[in-house]
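These notes concern the structure reproduced below.
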Amino acid sequence: MRLAFFSETDDAAPWRDAITAAIREIDFRTWPDVGDPRTIDCTLVWKPPAGWHGQFPNLKAIMSLGAGVDALLEDASLPRDVPITRMVDAGMGRQMAEYAVCGVLHFHRRMHEYGVLQRERCWKPLAPIAVSDYPVGILGLGVLGSQAARLLLALGFPVLSWTRTRKEMDSVKSFCGPAELDAFLGNSRVLVNFLPLTPQTRGMINRHLIAKLPRGACLINLARGGHVIESDVLAALDSGLLGGAMLDVFAQEPLPSDNPLWDHPGVVVTPHIAAVTLASKAADQVIRNLRRILAGQPLEGIVDRLQGY
């Protein structure tokens, strides 16, 4: 079986070594040296160009190197009858949970405010906030969001969740659906976004949603840049509706040097590093699915194209 690998950011070597050591039948090819496209059985990819998959007429599977598949699904030419799989955790959940906790602690301990005071050379201790008075609202309580919830609960933060359909988790106050979104937002002093990017969630974090948060609430986005209307976030920061924002993902990446988010004192910018897919952690998922293809069995982690994840 022949596999074609494409990623402009990931080194193919660790993936090739792990996969070919586990399954000798795999002929691992790295783009552009894939040989005859008609002989490619599956792809392992991260953000290939639109139309890239159209050259492979005999695909049995398309495997994403990440948990998010929105970039793949935006390609209208993607073969409709080929299953798509995504990474389910693969070590990313812990990384993203750590990032979320880092952001929550940053805002809870008022570091965003101390940063402003430092630039002003102003020595001014601020009143502490009790952990119990700092509820964290998590948008999306899947494999990734639930790990962040557990870490935050262990630190004593009250945790709320909002999901499309009801999801229950011990010690987490559950909200679901459009009818319960306002109540969720109104009780969240910091909002952490773990939602998948779908047509329904694109642009969801906008001025209307932000206005429903408590005044001075903070935002952490480590899901997708397409969830956020950046101009609305900037306006909310300037007006005081938002107290701060920690953003790891953006509408355009790399973030252009002239984007005002870089210079805003209320914003922490990180370059899409909340979680990185590591071959040492994730290759086993790919290997299991390759064995399933060889055995004619159903794949793990199949994407529901209608839901977008």
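Just a few scattered comments:
- The modelled label-to-label distance between R24 and L294, using points 7 Å beyond Cα along the C-beta direction, is 1.0 nm.
- Evaluated with a Cβ-only charge set (Lys, Arg +1; Asp, Glu -1), the chain carries a dipole of roughly 660 debye about its Cα centre, given to the nearest 20.
- Cα-based Rg and Dmax for region 205-288, where Dmax is the largest Cα-Cα distance (Å): 15.4, 51
- Given +1 at the Cβ of Lys and Arg, -1 at the Cβ of Asp and Glu and no other charges, the dipole of region 101-155 around its Cα centre is 160 debye to the nearest 20.
- Cα pair count fraction exceeding 21 Å, expressed as % - region 79-232: 47
- Most positive-pole-ward Cα, G156, V190, I84, against dipole of the chain from beta carbon charges: G156
- Neighbours of G203 by Cβ distance under 15 Å: Lys/Arg scored +1, Asp/Glu scored -1, total -1.
- Solvent-accessible area of region 91-202 (1.4 angstrom probe, protein heavy atoms only): carbon and sulfur portion equals 56 percent.
- Rh (Kirkwood; distinct C-alpha pairs) - region 53-106, Å: 13.3
- Rounded to the nearest whole angstrom, the semi-axes of the ellipsoid equivalent to region 1-99, taken from the Cα gyration tensor as √(5λ), stand at 22, 18, 12, largest first.
- Computed with a 1.4 Å probe on the full set of protein chains, the accessible area for T85 sits at about 10 Å².
- The share of accessible area on region 259-306 that comes from carbon and sulfur is 56 percent, using a 1.4 angstrom probe.
- D (Stokes-Einstein, µm²/s), Kirkwood Cα radius, region 256-309, 1.306 mPa s at 10 °C: 105
- Loop-located trypsin sites (Lys or Arg not before Pro) in region 1-65 (DSSP state not H, G, I, E or B) with no more than 10 neighbouring Cβ atoms inside 10 Å: R24.
- Surrounding net charge for Q285, when Lys and Arg each add one and Asp and Glu each subtract one, Cβ distance under 14 Å: +2
- Antiparallel %, DSSP beta bridges [both residues in the chain], to 5: 5
- Charge context of K173, other residues only, Cβ under 13 angstrom, K/R +1, D/E -1: -1
- Greater than 32 Å apart at Cα, pairs in K167/K212; K124/K167; K124/K212: K124/K167
- Altogether, the Stokes-Einstein calculation at 20 °C and 1.002 mPa s, with the Kirkwood radius of the chain over Cα pairs as Rh, returns a diffusion coefficient of 103 µm²/s.
- Estimated D of region 176-229 in µm² per second, where Rh is the Kirkwood radius over Cα pairs and Stokes-Einstein applies at 20 °C, 1.002 mPa s: 188
The values are calculated or read from the model by the stated rules, or taken from the named source; none is laboratory data. From a predicted model like this one, the values you see are computed outputs, not experimental measurements. No Cβ is skipped: glycine too gets one built from the backbone with ideal geometry, and neighbour counts run over all protein chains shown. Keep in mind that these areas ignore ligands, DNA and RNA; they rest on the heavy atoms of the full protein, side chains included. Shrake-Rupley method; radii C 1.70, N 1.55, O 1.52, S 1.80 Å.
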